[in-house]
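Participant: Before I ask anything, here is the structure I am working with.
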Amino acid sequence: MTAANSSVRLLSPVWLVLAGIASVQLGAAIAKSLFDEVDPTTVVWLRLMTSALVLVALARPRLRGRTRHDWLAMLALGASLGLMNWAIYQSFQRIPLGVAVTIEFAGPLLIAVLGSRRVRDLLWVGLAALGVLLLGFERTELDPVGVLFALVAGAGWAAYILLSAETGRRWPGLDGLALASVVAALLLTPLALGRHADEIADGRILLLGAAVGLLSSVIPYAFEMVALRSMRPAVFSILMSVEPAAAALAGIVVLAEFLSPVQWVAMACVVVASVGATRSGRALAEPAPD
């Protein structure tokens, strides 16, 4: 086990997920600030390529002794990463950051509903759903293409939650995640090196893209992979209800996308739902079923 893996494993799975949420939304806001200069696909590719290089260097994954199911789980995770990231960045280009993440959250929320085993879990999901609805309540004119991309990203996010748990059980350390990041980057390479190849030649864009990769991929995906080894996917999905609020805050700080009073209430709903989910110690301690 590497020193990096050991340090990450010492942290509570709850704090790992929350730290990953803050990191990914800060990275998303920085990425959106670049869209006036470069295409979203370029930023996504730089993000995934950075995460692939860093994670492979840290994990140094071993390829021998892997079963067919191990490889299939990892490849599927890579495909979900590529789809999720590409679709949500296309959505960011067309609708506000907080609204896009709110719509995207439909994916994890569906996983939470399907995986709930107690009435109390459903109550937290209901409160999170109320927050999701309120957060976009005053947005009456949304680009339908942006909304569609956010829904596609939500489907990719739901797949990522399930496949990340499966890959984490089948691959040691961060091996599966590192290889999945390589797969995701390779899938987007034809798009990035086609029409938008000239954008990658700018050193400033390369540095900012690398920063986005660290904030939005390396840190959160590594934290979530470790957390999902000891947290049920349904509980993880409820905890991720903080995402829309985190996106809205990042939009305020980085993009000056200010919120209305109704949207502040929505943020309170999703945060309370997240806190309620994390207080269920029994649920957090229960490993995800094999």
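The values are calculated or read from the model by the stated rules, or taken from the named source; none is laboratory data. Since the structure is predicted, the reported quantities are computational estimates derived from the model, not experimental observations. Every residue, glycine as well, gets a Cβ built from its backbone with ideal geometry; the counts of neighbours run over all protein chains shown. Ligands, DNA and RNA are excluded from the accessible area calculation, which covers all protein heavy atoms including side chains. Shrake-Rupley method; radii C 1.70, N 1.55, O 1.52, S 1.80 Å.
Participant: Rank by packing, highest mean first: peptides 55-66, 178-189, with packing defined as the count of other Cβ atoms within 10 Å averaged across residues. Intermediate values should be presented prior to the final figure.
Facilitator: Values: 55-66: 14.2, 178-189: 22.8.
Ranked by mean Cβ neighbours within 10 Å, highest first: 178-189, 55-66.
Participant: Please give, to one decimal in nm, the separation of the simple spin-label points placed at Ser230 and Leu72, each 7 Å out from Cα toward the Cβ.
Facilitator: Each label point is offset 7 Å from its Cα along the Cβ direction, giving 3.1 nm.
Participant: Loop-only check: which chymotrypsin sites (Phe, Trp or Tyr not before Pro) in the stretch 22-82 are DSSP coil with at most 12 other Cβ within 10 angstrom? Write down the numbers at each step before the final one.
Facilitator: Values: sites: Phe35, Trp45, Trp71; in loops: Phe35.
Listed in order of number, the matching sites amount to none.
Participant: For a quick check of understanding: with a 1.4 angstrom probe and all protein chains in place, what accessible area in square angstrom does Leu83 have, to the nearest ten?
Facilitator: Probe radius 1.4 Å; accessible area of Leu83 about 80 Å².
Participant: Further, regarding this structure: Length gain on complete extension for the stretch Ala268 to Asp143, per 0.36 nm per residue less the alpha carbon to alpha carbon distance? Can you show the working numbers first?
Facilitator: Details: separation 125, 0.36 × 125 = 45.00 nm, distance 2.62 nm.
Difference between extended and current length: 42.4 nm.
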